[in-house]
Amino acid sequence: MLPGIKSKLPNVGTTIFTVMSSLAAEYSAINLGQGFPDFKMDEALIDGVQKAMKDGHNQYVHMNGLLKLRERLAEKIFDLYHSPINAGDEITITPGGTYAIYTALTTILQKDDEVIVFEPAYDCYIPAIELNGAKAIPVPLQFPGYEINWDAVREKINSKTKAIIINSPHNPSGKLITEQDINTLKSIIANSAIYLISDEVYEHLVFDQLQHHSILKYPELYQRAFVCFSFGKVYHCTGWKLGYCVAPPNLMKEFRKIHQFNCFTCNTPMQYAIAEFLKQKENYLGLGKFLQQKRDYFAQEMKATRFKPLASHGSYFQLYSYAGMSPEPENEFAVKLVKEFGVATIPVSAFYSQPQQNQVLRFCFAKKEETLQAAARLLKMV
C-alpha cells in the first residue's frame, strides 16, 4: 500500500471560485462570481486563429513565444509607457497571467524567504509563495477604500523580505495604485534587494478617466520587477489561458530557465492571431470605456436594491456591502444568495488568509446587460 501524500498545501481546499460556480450551476443561478465575460469575443480574432491553423502554424512555436507577437508587445509598451523593451530578451509568452506570477515567484524565492502580500489578494499569491518554501506576509488594505498602509509595509520589511506583490487595477476591489503610491514604493525599496511582482492583468480596464501606473513606466522599479499580463482579460477570451511576463534581461534569463521545463511553449495559432490583432489598437484602448459602461449600467440597476456600492475604478469587479441587511458572515450570505435568490457572488473574506468580515461581496459586471439586469432584479428581493 502506498503511503499517504504529505500535502504541500495542507490548509488549501477547493477554491471559492469553483465552489460558487458549482453552486451556481446546481441552483441555475446567475453567475456574477467568477471573473469571465458571458458575451462573445471579437469574431476577427477567432478567424485569425482559424487562418493560422489553416496556414499550417500548428507546431511548437519558440519557447519564449512567437517573435512577431513579442515585437508587437514591445511596440505597444513603448507607445503606452515610453519604455524601450527588447522583444528578444525581456518578454516571454506564458499560459496565462497566473502562470507568469507563479513562475516569477519560483524564479526568485528560496526557502524561508518572505513576500509581502496586500490583502484582500488574488487567491494564487499565497499558495505560490508557500509552494516555494517561502512565507507570505499579509498587509491588510485599509477598509473601506482599500488603500495601502505604507507604514505597515515598512514595519514588515526585514532581512528575509525577498519581494512585494502589487496588483493594479486590484482584484477584488477595483482600486488603482496612485502616483503617490509609486513614489512611496520607490523610497521604501530604493536601497534594498527587494524584487517586485506586478500583477497588471487588468491593465486596460481602467475607468473614470484615471490612469494605469504600470511598473514599466518607472525604470528604477522595473529593474527589479516581473510584470505580468493577460490576453484573456483584454480580448474577452479567458479560456485561452494566454498571457506574458516582462522583466529585465537578467531576471528574464532566470525566469525562462524555469519556464522551459514547465510549460516550454504556448498555443501557436493563438499567438499568430493575437500578433495580427494587436495592430488594431482601438480594441485595447477602448476597453476601459466599454467596461465602465457595464459597471455603470449594473450600478444603476443595483440602486433598486439594498446593497451599497464601494468605489471601483478598474477590473471586472465591483464590491457591494450588505451591512445593515444581514449580520451573517460573508460566506454564509453568499451561499444564501445562490440558493434562495439565484445569484452567485464571491465573499471578499475569501481573499484573506485570515478571513475578515466586512460584510462585502464581489460582483463581476463583465456580462451582457440582460444578465446584469436579471441579476439586479433578483437581488431586489433580498
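Every number here is computed from the coordinates shown, using simple stated rules; none is lab data. None of these values were measured; they are calculated from a predicted model. No Cβ is skipped: glycine too gets one built from the backbone with ideal geometry, and neighbour counts run over all protein chains shown.
With the simple model of a label 7 Å out from the Cα in the direction of the Cβ, Val12 to Gln50 spans 3.9 nm. Fully extending the segment from Asp79 to Thr184, taken as 0.36 nm per residue of separation minus the present Cα-Cα distance, adds 35.2 nm. A run of the chain free of exposed loop cleavage sites, with chymotrypsin sites (Phe, Trp or Tyr not before Pro) counted only in DSSP states other than H, G, I, E and B and at most 13 other beta carbons within 10 Å, reaches its longest extent at 61-263. Adding -39500 (n - 2.57) for every DSSP H run of four residues or longer, then dividing by how many residues the chain holds, sets the calculated 222 nm ellipticity at -11000 deg cm²/dmol. Compute the Cα gyration tensor for the stretch 246-354, then decide on rounded, prolate or oblate, letting a ≥ b ≥ c be the square roots of its eigenvalues: rounded whenever a/c is under 1.5, prolate when a/b is larger than b/c in the other cases, and oblate in all that remain. Prolate, since a/c reaches 1.5 and a/b exceeds b/c. Farthest toward the positive end of the dipole of the stretch 192-277, out of His236, Tyr222, Met252, is the Cα of Met252, where the dipole comes from beta carbon charges about the Cα centre. Counting other Cβ atoms within 10 Å as a rough exposure proxy, the listed residues Thr106, Thr18 run Thr18, Thr106 from fewest neighbours to most. Where a ≥ b ≥ c are the square roots of the eigenvalues of the C-alpha gyration tensor, would you call the stretch 57-281 rounded, which needs a/c under 1.5, or, failing that, prolate if a/b is larger than b/c, or oblate? Here the stretch 57-281 falls in the prolate category. Which aspartates and glutamates have a Cα less than 20 Å from the Cα of Lys111, not counting those fewer than 8 places away in the same chain? Cross-link targets: Glu130, Glu254.
Computed 3J(HN,Hα) for the stretch 230-239, one whole-Hz value per residue from the Karplus formula 6.51 cos²θ - 1.76 cosθ + 1.60 where θ = phi - 60°, is 9, 6, x, 6, 7, 10, 6, 9, 4, x, glycine and proline marked x. Here is the list for the stretch 22-122: trypsin sites (Lys or Arg not before Pro) lying in DSSP coil, each with at most 15 other C-beta atoms within 10 angstrom of its C-beta, are Lys40, Lys111. For the chain, a crude dipole built from +1 on the beta carbon of Lys and Arg and -1 on the beta carbon of Asp and Glu, taken about the Cα centre, is about 320 debye to the nearest 20. Placing unit charges on each Cβ (+1 for Lys and Arg, -1 for Asp and Glu) gives the chain a dipole about its Cα centre, and among Ala152, Pro3, Tyr122 the Cα reaching farthest toward its positive end belongs to Pro3. Only beta bridges with both residues in the chain are counted; by DSSP, about 50 percent of them are antiparallel.
Taking every C-alpha pair closer than 8 Å and separated by at least 6 residues, the mean separation divided by the residue count of the stretch 57-281 gives a relative contact order of 30 percent.
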